[in-house]
Amino acid sequence: MKRVVITGMGIISPVGSSLNEFWGHLIIGDSGIAPVTRFDPKNHKIRLAAEVKNFDPLIYMEKSESARFDPYIQYALGAVAQAVTDSGAFPVSDPLRYGVYFGSALGGMETFIREHGRLQAHGPRRVSPFFVPMMISNMASGLIAIRYNCRGIVMPSVTACATGATAIGEAYEKIRYGFADVMIAGGADAAINECSVAGFTNMKALSTSEDVCQASLPFDKRRNGFVLGEGAAAVILEEYEHALRRNARIYAEIKGYGVSCDAYHIASPRPDGSVSAVAIQEAVRQANKGEDDTVYVNAHGTGTHAGDIAEVHALEQVFGSEAGRCLISSTKSMTGHMLGAAGAAEAIVCVQALREGLIPPTINLLEPDPECGTDFDFVPLKTRNARITLAVSNSFGFGGHNVSLALRNV
């Protein structure tokens, strides 16, 4: 088996559109949740979202391209451009050994809504010829491959809220088993619009709070749903010896990837956490977790009642009597739920926690829910100094998709 390391990272998020800005806001507990500006929410129950702010697509693409590309693609290309520059692994040395695994949970929702409006108002001749390419969920991965001459394995992942983590896990395995030397991996979504918000609201998934300090509340007994976020996150995965030969900076090593499916419900997790525990257990098994490890878990932690409890049950089953010693936090308390980008963004959080010895907090956690366990350390309110040796990132998605990634310093 090949070893797989991370040599580049990039992010467009509600708390910053660079790695330094993103991490800097998280460690001071600064939230990106604010009143919705993408549309007038007066007819909606939802007033808050975690929007990407001050993003300039022209930093990353020509004006003609930005006019054609859906925002989810713009975010994806922005995050990947940062990661590619950060890695130094490009231009490619052997195009057939470079690949892309990059996904989106919902794809080009804004494009779909806009072009449907044109169809209704003006007829079929006014629908853009770029409608389909701008909207489909695989186009981010395709455009990334075109831009960086990646001619090997190029695929999207679409596993709802686990999309970004799935992309990283599958890219990891392609390198691990020798099918590629370098993979661009991650996820992106831009779904803060009237239609998506209405759909999530009507399935009672979103928080209806109008107070930014009481909206995204993972593991708090006051929680009543997640806050919709957006953005993109990308990592460059590289075979270890390949990275050494070019004297690359290595951020961290991916040591485990676990995946399972609840096969239970389209939107609710299996309540006892037994199947998501399988994914977490496999990731930590591959990482050779030992009794001396200091573990950080970046929880999926969306702030839904059932989801948080199920995740806690899963962690209890995996870590047993050691669960209370794990440091666990949900950065969705600050970023909101970035959907297809969430898993990749949270993998970046794990890398930074390993490197910096800082555990970002679960902000606004004032009333821990007894149903989420009384012995768990959810790192409430403030960043914690801790030299961790193993970081685990959990991502769970509608349809029952469970993904867990395990990382260590090299």
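The values are calculated or read from the model by the stated rules, or taken from the named source; none is laboratory data. Since the structure is predicted, the reported quantities are computational estimates derived from the model, not experimental observations. All Cβ positions, even for glycine, are placed from backbone atoms using ideal geometry, and neighbour counts span all protein chains on display.
Computed values, structure above
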item	result
Yes/no for residue 198 being assigned to a helix (DSSP H, G or I), within 18 Å of the chain's Cα centre (by Cα) and at pLDDT 95 or above	no
Candidate set: the range 71-117, residues that are crowded, with 24+ Cβ neighbours inside 10 Å and of a type in the set (Val, Ile, Thr); chosen: the one farthest from the chain's Cα centre (by Cα)	111
Answer residue from the range 379-410, given it is in contact (Cβ under 8 Å) with a residue 40 or more places away in the chain and farther than 28 Å from residue 10 by Cβ and is nearest to the chain's Cα centre (by Cα) among those	400
Single match in 182, 227, 197 (criterion: surrounded by 20 or more Cβ atoms within 10 Å (Cβ to Cβ) and under 24 Å from residue 258 (Cβ atoms))	182
Among (1) in a strand (DSSP E or B); (2) farther than 17 Å from residue 159 by Cα, the one test that residue 272 misses	(1)
Output for the range 362-380, where each listed residue is of a type in the set (A, V, I, L, M, F, W, C), farther than 11 Å from residue 330 by Cα and in contact with a Leu (Cβ under 9 Å, 6 or more places away or on another chain)	366, 376
Matching option when the condition is farther than 26 Å from residue 207 by Cα, more than 17 Å from the chain's Cα centre (by Cα) and assigned by TED's automatic domain parsing to the domain that holds residue 393, among 290, 273	290
Test for residue 125: is it in a helix (DSSP H, G or I), closer than 17 Å to residue 232 by Cβ and among the basic types (Lys, Arg)	no
Residue in the range 320-352 that is farthest from residue 232 (Cα to Cα), counting only those that are small (Gly, Ala, Ser) and surrounded by fewer than 24 Cβ atoms within 10 Å (Cβ to Cβ)	321
The range 287-306 residues that are at positive phi, paired with ones that are crowded, with 24+ Cβ neighbours inside 10 Å (beta carbon under 6 Å, 6 or more apart)	301/218; 301/330; 301/332; 303/216; 303/217; 303/218; 303/223; 303/226
Residues located in the range 137-170, provided they are in a helix (DSSP H, G or I) and among the hydroxyl-bearing types (Ser, Thr, Tyr)	141, 148, 163, 166
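Yes/no matrix, rows are residues, columns are (1) within 19 Å of the chain's Cα centre (by Cα); (2) outside any loop (DSSP other than H, G, I, E, B):
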{"position": "209", "(1), (2)": "no, no"}
{"position": "218", "(1), (2)": "yes, no"}
{"position": "237", "(1), (2)": "yes, yes"}
{"position": "242", "(1), (2)": "no, yes"}
{"position": "248", "(1), (2)": "no, no"}
{"position": "258", "(1), (2)": "yes, yes"}
